[in-house]
Amino acid sequence: MINDAGRDISAYIHIPFCEHICYYCDFNKVFLEGQPVDEYIEMLLREMSLQLEKTPIQSSPTLYVGGGTPTSLTAQQLDRLLSGIAARFPMETVAEFTVEANPGDLTAEKLSVMRNYGVNRLSMGVQTFDDRLLKKIGRRHTAADVYKTMAFLEKADFRNVSIDLIYALPGQTLAGFRDTLKRAIELDLPHYSLYSLILENKTMFMNWVRQGRLTLPDQEEEGQMFEETILAMEKAGRRQYEISNFALAGKESEHNKVYWHNEHYFGFGAGASGYVGNERYKNFGPIQHYLKPLRENKLPVYDTESLTLKNQMEEEMFLGLRLKEGVSAERFERKFHHTIEEIYGAVLAEETKAGLLEISGDRIRLTAAGLLIGNDIFERFLLD
Ligand code: SF4
């Protein structure tokens, strides 16, 4: 699904509340207790109304409610949010509607609310099946919660589920990771995302690593975890369609593909980012800063950046090369009115010669060796 028209705009909707704070997390989130959750939902819906009035759309190919923890909302709050979304968006055009869920937080009532409003995909933050590690990274759920939630979803015949795993966690051994991978695959889900732990500034983890209180697996071990993941997933029929994502055919995340195809999307909620027309924008992050302009019927945009043609071409390459299918030369030319050869001929030749890129028909993609060092290659596509 490729959506080039400026009026086909997907949406990311951010729920910044969490019932606990994980030690590695640098997302825009706050501890749930004492937060003005009901007002936040009302203002979120107001933001959608204001934005859709400013930028009318004809379709919204994907909707994604993420966080934070969307399942930290009560069933009533979830109902208010989802019914508000359904009243504002052309729901008949929405092909994929995902909500993020935390294992253990999903009740029958919440699932029924989601289904009522067309949610057809769940993304679950499992991270690891090792209870000791879960505790160490500050997660509150256990592996048993994951199994319970999966059994509940299976009984409810809700099968379009993705799980997120994190590897290279502090103290994680190769044997421990293999066990997590095996257990994840045994769940027989259509989609898996696996990311290595990234140490972010201002997280508890970063402080602990600086103080020498945490040790992380070395680069070689991390590389091996990644390579074993690719092999195990492919063996289980989950194709690596993006550097960190694996799926059965036809079960790729359409929403994430909107990002990787460099298409347009709204970002609603505190700290959310959007890309509309030639502009990327970012909302205020702190809850009260986000609510204030909305109370006065103004959009809560904190920063906008107009992308030059060069910026857009760079992004087309960075994002598209993350996908196994790579970048389409024909689409590049249609979007930018320059051939990809004109702009990137020299880089393409060099990286192809180095065995990191391959060109096949209309497609320019990373080779297996290139996928392992993606970030280094992306830099080569900077134009200035
Ligand atoms: S990782 Fe998820 S659940 Fe944990 S604090 Fe961050 S947003 Fe909340």
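For the chain, what proportion of DSSP beta bridges, expressed in % and rounded to the nearest 5, is antiparallel?
Within the chain, antiparallel bridges account for around 45 percent of the total.
Using the Karplus curve 6.51 cos²θ - 1.76 cosθ + 1.60 with θ = phi - 60°, work out ³J(HN,Hα) for each residue of the stretch 340-350 in order, rounded to whole Hz, and write x for Gly and Pro.
In residue order, the calculated couplings are 5, 5, 4, 8, 10, x, 5, 4, 4, 5, 5 Hz.
Could you pull out the GluC sites (Glu not before Pro) across the stretch 29-102 that fall in loop regions by DSSP (anything but H, G, I, E, B) with no more than 12 other Cβ atoms inside 10 Å?
Answer by residue number: E33.
For the chain, which cysteines have no second Cys with its Cβ under 4.7 Å from theirs?
Those would be C18, since no other cysteine Cβ in the chain comes under 4.7 Å of theirs.
Filter the cross-link list K54/K282; K54/K292; K257/K353 down to pairs whose alpha-carbon distance in this structure exceeds 22 Å.
Too far apart for the 22 Å limit: K257/K353.
Near K235, which aspartates and glutamates are there with a Cα under 15 Å away, not counting those fewer than 8 places off in the same chain?
E186, D188, E227
Roughly how many percent of the accessible protein surface of the stretch 72-165 is carbon and sulfur, given a 1.4 Å probe and a whole-percent answer?
Reported share for carbon and sulfur atoms: 48 percent.
Between R213 and L248, what is the label-to-label distance in nm when each label sits 7 Å out along the Cα-to-Cβ direction?
4.4
Return the equivalent ellipsoid semi-axes of the chain as a descending list in whole Å, where each equals the square root of 5 times an eigenvalue of the C-alpha gyration tensor.
31, 29, 21
Given N residues in the stretch 1-129, what is its alpha carbon radius of gyration divided by 2.2 N^0.38 Å?
After normalising by residue count via 2.2 N^0.38 Å, the value is 1.07.
What are the ³J(HN,Hα) couplings of the stretch 100-109, residue after residue, when phi is run through the Karplus curve with 6.51, -1.76, 1.60 and θ = phi - 60°? Round to Hz, x for glycine and proline.
Running phi through 6.51 cos²θ - 1.76 cosθ + 1.60 with θ = phi - 60° gives 7, 9, 9, x, x, 8, 8, 9, 4, 5 Hz.
Accessible area per residue for the chain in Å², computed with a 1.4 Å probe and the full protein assembly in place, what is it?
On a per-residue basis, 45 Å².
The values are calculated or read from the model by the stated rules, or taken from the named source; none is laboratory data. Everything numeric here is computed off the predicted structure, so don't read it as measured data. Heads up, the Cβs are rebuilt from the backbone with ideal geometry, glycines too, and the neighbour counts pull from every protein chain shown. Calculation scope for accessible area: heavy atoms of the full protein, side chains included, ligands and nucleic acids excluded. Shrake-Rupley method; radii C 1.70, N 1.55, O 1.52, S 1.80 Å.
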